[in-house]
Amino acid sequence: MDEEERHHARVTRPQIAQNTPIKSFYYASIHASINPIPPCLLFSSPMPDTASLDWDLCSTVCDHQSPRLDAEKPPTVIYAGSGTSSDPYVVVWDPKDPQNPYEWSRTRKWILTAQLALATWTVSFSSSSYSGGLTFIVRDLGTSEELAVLGISLYVLGFALGHVLLMFGRRIIFLVTLGLYTPLQLAGCLGNNLPTLLACRLLTGIFGSSPLTNAGGTIADIWDARERGLASAIYASVPFLGPVIGPIVGGFVAENPNLGWHFNFWLMFIFSCASLITGYFFAPETYAPVLLRQRAKKLMKFSNGSTHYVSKYDLNGRSKSFSQLIFTNLSRPFVFMVTEPIVSLFAVYTAIVYGTLYALFSAFPIVFQKHRGWTPGQGGLAFIGVGVGIAMGTCTSSIQNRIYRKAMEKSPSGHAVPEDRLHMAMVGAVLVPVGLFWFAWTADPPIHWIVPIIAGFPFGMGICQILQSSTAYLMDAYSTYFASAIAATVILRSICGAVFPLISPAMFNKLGDQWAMTVFAILGLVCTPIPFLFWVRHTFVPFLKFC
């Protein structure tokens, strides 16, 4: 509120719903545990001078509801509207509202961020740990390598098919999908035929997509632009770090005669249980439209339906039917992909680097196991270079955060533009093709094995920086619609992540290691200018609708 509104708040008495006693109204808000329901709901139309209000009671309620509120004078919120069905009161956050996720303590935010990282790591780890046992799956189930690789592709394809409805909130979607994802892992633990295994992989991929699309939105819900740099960097790195660790663990587990490839699924089940349990206890609802919608419904209940309230986020959707709202939420990522140049270009870019990473899961067994005679466990260690690069890329987020804070300090408004998130993306755009060309022309057995493994370092660092920067950029640019924007990128990159592992074995067998990897390097090189184009924001502004 500006100063004029604050003055109006101090001198204007609240207008209470008709036929609703003041005391019962306040006590109802206490018993319903709405925290905080301002004891003084203030509107533009003052009550008659003869109306009186028990301000001591207001202060008592303030103290009971939130110690953060000033007890000397009751806090006030100006709700626009007149309370009728055609012009309802518009429910907004109080400036210091403890229920507003932005107002939560840093400890609570970091606990939630850690839980989101665990869940995201779990589903990404599960996508690739399967690949560590491919050789043994082919042997034990009597199938071909091409069919066995489908277990990777179907799982990642499930990420694209599992786009969920954000209108219902973060928590309910997270718990329901992860609650289905966890027991489905048992089909892989106990299954002994390929159809069961592939069906399990597709379904777990579909239900496992929730952390990938939901977690980023939750990060944006709880951290403001100044603080979210490290949190978004962690979230953006995990989807790449999990797949790199997966083959290392999966390879050694699968070749252990006392464990076998089935135990990889038991590991997935254990991690899934941990994510589900921690999510139940530490992942509250954070989606502001849902929280304010719930508050509006409770306020309307307090007035016995005589006064109408609506969340500020639901104003434009009040005339839409339930089916229309579902269609809007489901279609928005695809609308973004087609109509928003920022989303479409970043979706293509991240899809290519993500697909290239997953292509390595079927290519590395050819390069290191088939051509160099390594065991599956040793072949998994070939991903160490990529993993170290991703870890180093995560560390560079501190550099990007300092750059962003300096931009905020220099800005007269105190706000930096989203493009100030892109410095590391421009570095990563150069590193990705460098690493791929390096690997392509040093992969042959006559060259020492350490050389192509080191080539994974710039590649891993580059893809991490690209995804970190693009995630933070989309958070700043799209705010409320960030989850839909990131869902658009997840859908496209999941499709590429599903297709690339299927085509890479044929490419490496027919073109050879050098030229097959050169094809991926050229794709990365073609995309190199994209972050630099985003830097010139005015190029895209005339075409943006939601940004």
Would you confirm whether any residue within the range 424-431 is in contact with a helix residue (DSSP H, G or I) (Cβ under 7 Å, 6 or more places away or on another chain), within 26 Å of Ile366 (Cβ to Cβ) and assigned by TED's automatic domain parsing to the domain that holds Ala225?
yes
Test: residue in the range 330-349 that is in the same structural domain as Ala516 (by TED's automatic domain parsing), within 30 Å of Thr135 (Cα to Cα) and buried (at least 19 other Cβ atoms within 10 Å of the Cβ)
no
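Quick one: would you say Leu299 is among the aliphatic types (A, V, I, L, M) and surrounded by 15 or more Cβ atoms within 10 Å (Cβ to Cβ)?
Numbers: among the aliphatic types (A, V, I, L, M): yes; surrounded by 15 or more Cβ atoms within 10 Å (Cβ to Cβ): yes.
Spelling it out, Leu299 is indeed among the aliphatic types (A, V, I, L, M) and surrounded by 15 or more Cβ atoms within 10 Å (Cβ to Cβ).
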Testing Leu259 on (1) at pLDDT 90 or above; (2) outside any helix (DSSP H, G or I); (3) crowded, with 22+ Cβ neighbours inside 10 Å, one condition comes back false. Which one is that?
(3)
Look through Ala359, Ala391, Ala407, Ala351 and report the one residue that is over 20 Å from the mean Cα position of the chain (by Cα) and under 30 Å from Leu150 (Cα atoms).
Ala359
Within the range 430-449, restricting attention to residues that are at pLDDT 95 or above and not aromatic (Phe, Trp, Tyr), which residue is nearest to the chain's Cα centre (by Cα)?
Val432
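Every residue, every condition in (1) in contact (Cβ under 8 Å) with a residue 60 or more places away in the chain; (2) surrounded by fewer than 24 Cβ atoms within 10 Å (Cβ to Cβ); (3) not small (Gly, Ala, Ser), yes or no:
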residue	(1), (2), (3)
Val434	no, yes, yes
Thr471	yes, no, yes
Asp476	yes, yes, yes
Ser484	yes, no, no
Checked pairs for the range 266-277, first over 19 Å from Ile173 (Cβ atoms), second in a helix (DSSP H, G or I) and of a type in the set (S, T, N, Q), C-beta under 6 Å and 6 or more apart or across chains, list as Met268/Ser126; Met268/Gln185; Phe269/Gln185; Phe271/Thr122
Leading residue by the ranking (surrounded by the most Cβ atoms within 10 Å (Cβ to Cβ)) among those in the range 218-239 that are over 17 Å from Ile466 (Cβ atoms) and among the small types (Gly, Ala, Ser)
Ala220
Report the residue count in the range 422-443 for those that are β-branched (Val, Ile, Thr), more than 13 Å from Gly389 (Cβ to Cβ) and assigned to a helix (DSSP H, G or I).
1
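To keep it simple, each residue is scored yes or no on (1) outside the structural domain of Val536 (by TED's automatic domain parsing); (2) over 28 Å from Val149 (Cβ atoms); (3) not aromatic (Phe, Trp, Tyr).
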| residue | (1), (2), (3) |
| --- | --- |
| Asp444 | no, no, yes |
| Trp449 | no, no, no |
| Phe457 | no, no, no |
| Cys464 | no, no, yes |
| Ala472 | no, yes, yes |
| Arg493 | no, no, yes |
| Lys510 | no, no, yes |
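The values are calculated or read from the model by the stated rules, or taken from the named source; none is laboratory data. Keep in mind the model is a prediction, meaning the values are calculated, not measured. With ideal geometry, Cβ positions are generated from the backbone for all residues, glycine too; neighbour counts draw on all protein chains shown.
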